Structures are given as structure tokens and as C-alpha cells.
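For reference, the structure discussed in these notes is given below.
The values are calculated or read from the model by the stated rules, or taken from the named source; none is laboratory data. This one's a predicted model, so the numbers in the text were calculated from it and none came from an experiment. Using ideal geometry, Cβ is built from the backbone for each residue, glycine included, and neighbour counts are taken over all protein chains shown.
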Amino acid sequence: MSQAANTGIQERPAATASARPSSLSSRALPRWAPLAFAAVAIALGVGTGIAAGWQSRTQWGLVSALLFLVISYIATSVVENRRQAKDRLATSVVWVCFLLAVVPLASLLWTTVSNGAERLDGYFLTHSMAGVLGSEPTGGVYHALIGTLEQVGIATLISAPIGMLTAVYLVEYGKGALAKAVTFFVDVMTGIPSIVAGLFILSIMLMTKTQPSGLMGALALTILMIPVVVRSTEEMLKLVPNELREASLALGVPKWRTILKVVLPTAIGGITTGVMLAIARIAGETAPIMLLVFGSQLINPNPFQGAQSSLPFYIWEQYKVGTDQSYDRAWAAALVLIAFVMILNLVARGIARWKAPKTGR
């Protein structure tokens, strides 16, 4: 009797479990459902735009994005459940925001490449604008490229040591009112407009009666670059585990040597990446160069004397001329500048991956 009762008790949960619907066997949308929702939303968005007479494709895209969110939520609610519908809606919002951010960048890159690739060649990179009129199809960007490399190089030589040492002080030694003041001024300098930095150096030039040169432009770029280097280096130094510092100090190693031999080598990959990104940030500045360098049609390899040009200034200068030939040169110079910035970013990513701490057992 007891065995039969035990058997019945043991069989009841099994029967109940088999009768209860499992959440794992509930209906689910296929993996290709988001693509189908997107296709339907695009078709409806384009149809709505055509029917309403909208000429802007941006309006078509916004309507399609809104319809994609609505269709995804409704279809998931009907087929699955409201909890999954909310999850899919959040995922769809993330994808829509990602596309809204990528589309303008892709459009900018495509426009620059399509307009500048035809004019960009070896002649354009190895000749200057000396004696070339705005309506002539000749001329190149060599003098501006030399100016950009020299000005950015000088700014990097000044900014990188100052920014790194400031970050080391804030992380390793900074306490009290001085550290708070340095942090405050770094935050202020991070958001300073480039024209203000140019005006600051210009006021010094007027007081000291200094002539325009590439060095003056580099000093203005230095003001813009230092806070970026400080912030990026500071964050990288904070990521170094304190256990490494404590282990070195426990062995009797002085603190300055610990920073030099342990902390900085550990964070060197991220520090280098931050410096590269700071270089890319100042490479496209135009306002300080217009105020302090003045521009030149000739090749001036001496940044300490005489006016120079740069890629951003060259682009503005050629656009101001207003001829078809100058527009072509401006687009080609813009493509060179974008390629320069992209190469710096790729180099930064490569160094960061190369110098990243090796993980594994």
C-alpha cells in the first residue's frame, strides 16, 4: 500500500510537468525576421515618401526607421510575448541609432572619395601652388602637407611629455589643492575653442613682435593637444593594477623607478593610442593656422621662419577661389587629410593591440 502511494506521489509531478507548457517550446520568430521587418519598413517608408511628394531621402529614412520599430514590436508581441517584444524594441532602437550615426559618416567618406580620387595622384602630392593660378588645373598639395607634418610634429613633441608628466603627477602624486586645480584647468582646456587658443598665441606674438611662422601655429595646437593627452594618459594609468605598484614597492624599489619600470610600460599601449588620437584631433584645425601661419603658396621647410601652409588651410584657400579646378584640389586635399587621420587611427589601434597585456593561463 505504501509503495503504491509512493509511486502515485512520484508520478503526479511528472504528469503535471508534462501538462504545463514549457517556455522553451513557445513560438519564436526566425533569425531572419529583423531583415524582413527592415525590408518591409523601407518599402513602406519609400512608398509613403513618394506618395506624400517628399523630395528628401532623409525623410524617407526617418519614416522607415520609425516603421521598423513599430513593426518589430507588434510582430514580436503577436508571435512571442510582450517581454520579448520590449527586448527586441530596445535592440532595434540601438541598431537604428547606430545606422543614424554611420550613414552621415559613410556619406561624407563616399562624397570625399568620389570627388577627390580623380585629382589625387603623384603629381598632386609632389608639387606646390607656386605660380599656379586658381583657374589652372595644375598645382599640388606638397607645401601644405609639409606644413601639416611639421606643425603637428612640433606640437606632439611639446604636448606628449607635458601631458604624460601631468597625468603621472595626478595619478601617482596628486593630492590636495594643487591636484584639484590642475584637474580643473585640464577640464577647462578640454573644451576650449581652437580660435581662443589661436588668439592667445596671437596676443603673445603682438606683444613680442614675432612674425607668423609654423612654430606659432604649433604652439596653438599644443594648447589644444595637451588636455587630450592628459586625460587619455590619466585613464590608462588608473587601469594599472595597484598590486603591481605594491609588489614593486615591497621589494624596496623607489616610487619613481616603479613608475618608470612598471607603471608606464604596463600602460604604454593605451598612452600611445591616446597620443595618436590627440594628433588626429589637431590635424584638422584651421582657425589657429589662419591667424598664426598665414598660409603660403611656396614650399617652406623651415617652421621657425616665414609663413607656411597646412592641409586644412589649403582646403579653405582653394574653396575660397571658387573655380572648378580649385574645388577639385580642395576635395583632393580633403581626401589626403582624411587618409592621414585614418592612418593615425590604424597605427594607434595596432600599437594598442601589440602592447596590450597578454592574457591566458
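Any idea which of LYS180, LYS175 is part of a loop (DSSP other than H, G, I, E, B) and either in the same structural domain as VAL228 (by TED's automatic domain parsing) or among the charged types (D, E, K, R) (or both)? The match here is LYS175. In this structure, GLN308 qualifies as within 20 Å of VAL341 (Cβ to Cβ), in contact with a helix residue (DSSP H, G or I) (Cβ under 8 Å, 6 or more places away or on another chain) and polar (S, T, N, Q). For region 285-326, the set of residues classified as part of a helix (DSSP H, G or I) and among the aliphatic types (A, V, I, L, M) consists of ALA287, ILE289, MET290, LEU291, LEU292, LEU311, ILE315, VAL321, listed by residue number.
Taking (1) surrounded by 15 or more Cβ atoms within 10 Å (Cβ to Cβ); (2) within 20 Å of the chain's Cα centre (by Cα) in turn, VAL94 satisfies each apart from (1). Restricting ALA130, ALA160 to residues that are out of contact with any Ser or Thr (no Cβ under 6 Å at 6 or more places or on another chain), among the small types (Gly, Ala, Ser) and crowded, with 16+ Cβ neighbours inside 10 Å narrows the list to ALA160.
Look at (1) surrounded by fewer than 11 Cβ atoms within 10 Å (Cβ to Cβ); (2) outside the structural domain of ALA65 (by TED's automatic domain parsing) and you find that PHE124 fails only one, number (1). Selection of region 44-90 for residues being β-branched (Val, Ile, Thr), in contact (Cβ under 8 Å) with a residue 12 or more places away in the chain and under 12 Å from LEU29 (Cβ atoms) yields ILE71, THR76, VAL79.
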